[in-house]
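Everything below concerns the one structure shown next.
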Amino acid sequence: MPVHGWVVADKPVGVTSTETVAIVRRVFDAQKAGHAGTLDPMASGVLAVALGEATKTVPFAMEAEKSYVFTARWGESRDSDDAEGRVTGVSDRRPSAAEIEALLPRFVGEIQQVPPRFSAIKVGGERAYDLARQGEQLQLEPRPVLIHEVRLIAQPDPDHAEFEMRCGKGAYVRAWVRDLATSLGTLGYVSKLRRTRIGSFSLADAIPLEKLKTFVHSPTALEHLRPLSTALDGIPALAVTGSDALRLRCGHSVLMRAGLFAHLREDPRADEDFQGLTVYLSSSAGEPIALAELSGGELRPFRVFNFGTG
C-alpha cells in the first residue's frame, strides 16, 4: 500500500543514518525514503525519515533549526573531533565553568566555522570523510553558520562539560567544541551528542528504532506516521479549490486571485513582498496538492504531490 508521510525515529548510538532509513522503509514497505539531516553513528536522537511523496519536502526540513545536547571532553583532540577519532594531541589545561561562560557569547550568533575533516562536505566532487580516510590532508574553508543559543548545563567533572545548543543548517557541534576548546587554551572533542529537535520534529514525537522494528508490516506502525505537511510548518499555506486545484495537480500555473492574496496577507509566515514566495497548497479538505512559487501574479507549481503511487 502506498505510504506517504514522516516518521520521527530516535536513532541509537552505533547505527548509521542510512541504516535507520532502510529500517523505517522496510517497516512501512515504502517505495521511497529519505532523511532530513545525517546523524553520525556516535550520535543519537531525532532522525526525521520521509516516506513516499514526503521525500519532496526533505529540502525544507533540512533548512530547519536544530537542537542538541552534547558533552565536551577537555584535554584531548581527535582527528574526527569526536570520540571515534584518533588522538592527535593532549593538554593538561581544564577550563572552569566561569571561564566557559565568559567565552560563550563569542560562539553565539553568526560565526565562521571550519567543518571537521571527517564531514559530508564535498571537496572536488568527493566527500571530505572519504578523502580523510584515504589519508589526504584537507584544507577546508571556513564558512558562516548561525548559532542561535548555547547554554552550559552541567560540569560533572573537570574533564567534561555538558551543553545545550540551538543552531541553523550546516553548523557542526564537533567544530564548535573544537574551536571553543582552542579559545579556552586547551583541546577538546565531542564525547556524546544527542539531537533533540529538527524543525517541527522533536524527541517527544520520536519512537525508538528498536521498538519501531517490531512493527514490520503492522498497522500499528501507521500510528507513528506524521503528515507530509509537518515539514512545511514554516511555509505560508493556501487552500485551493475547483479548477485551480485541478490545474495545479497537473503541474499548470494558476492566477493568484484576490481572495488568495487576502488569505496570504493574513498568514504571519508570509513576507510583505510576495514575489518569489514559496507557498504550500492544499485542498479545502487539507489534502496536499503542490508547492508553488508566487511569481508574476501566478502560482507556479514546482513540486506536485502524486498520491497514486508509493
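At a 1.4 Å probe radius, which order do Tyr172, Tyr68 fall into by accessible area, largest first?
Solvent-accessible surface, decreasing: Tyr172, Tyr68.
Out of residues 5 or more away from Val254 or on other chains, whose amide H comes under 5 Å of its own, with H placed 1.01 Å from N in the peptide plane?
Leu299
Show the residues, 5+ positions off or on another chain, whose built amide H is closer than 5 Å to the amide H of Lys192.
Thr71
Ignoring everything except DSSP H segments at least 4 long, calculate the 222 nm mean residue ellipticity for the chain; use -39,500 (n - 2.57) per segment, divide by total residues, nearest 500.
Value at 222 nm, helices only: -5500 deg cm²/dmol.
Which of Gly188, Gly234, Gly89 ends up with the largest GNM mean-square fluctuation for the chain, with Cα atoms connected below 10 Å?
Gly89
Quick one: which residues, 5+ away or cross-chain, put their amide H under 5 Å from the amide H of Gly45? H built at 1.01 Å from N.
Under 5 Å from the amide H of Gly45: Lys11, Arg195.
Let me know the Rg and Dmax you get for the chain when you use only its Cα atoms, in Å.
22.1, 71
Can you tell me the relative contact order of the chain? Whole percent, Cα pairs under 8 Å, sequence separation 6 or more.
Once normalised by length, the contact order is 23 percent.
Run the accessible area of the chain with a 1.4 Å probe and give the carbon-and-sulfur part as a rounded percent.
Here it works out to 50 percent.
If you project the alpha carbons of the stretch 183-310 onto the principal axes, what extent comes out on each, in Å, largest first?
Over the stretch 183-310, Cα extents along the principal axes are 57, 50, 22 Å.
Based on the alpha carbons, how large is the Rg to Rh ratio for the stretch 1-98 when Rh follows Kirkwood?
We get a ratio of 1.13 for the stretch 1-98.
The values are calculated or read from the model by the stated rules, or taken from the named source; none is laboratory data. Everything quoted here is computed from the prediction, not taken from an experiment. Note: areas computed on protein heavy atoms with side chains; ligands, DNA, RNA excluded. Shrake-Rupley method; radii C 1.70, N 1.55, O 1.52, S 1.80 Å.
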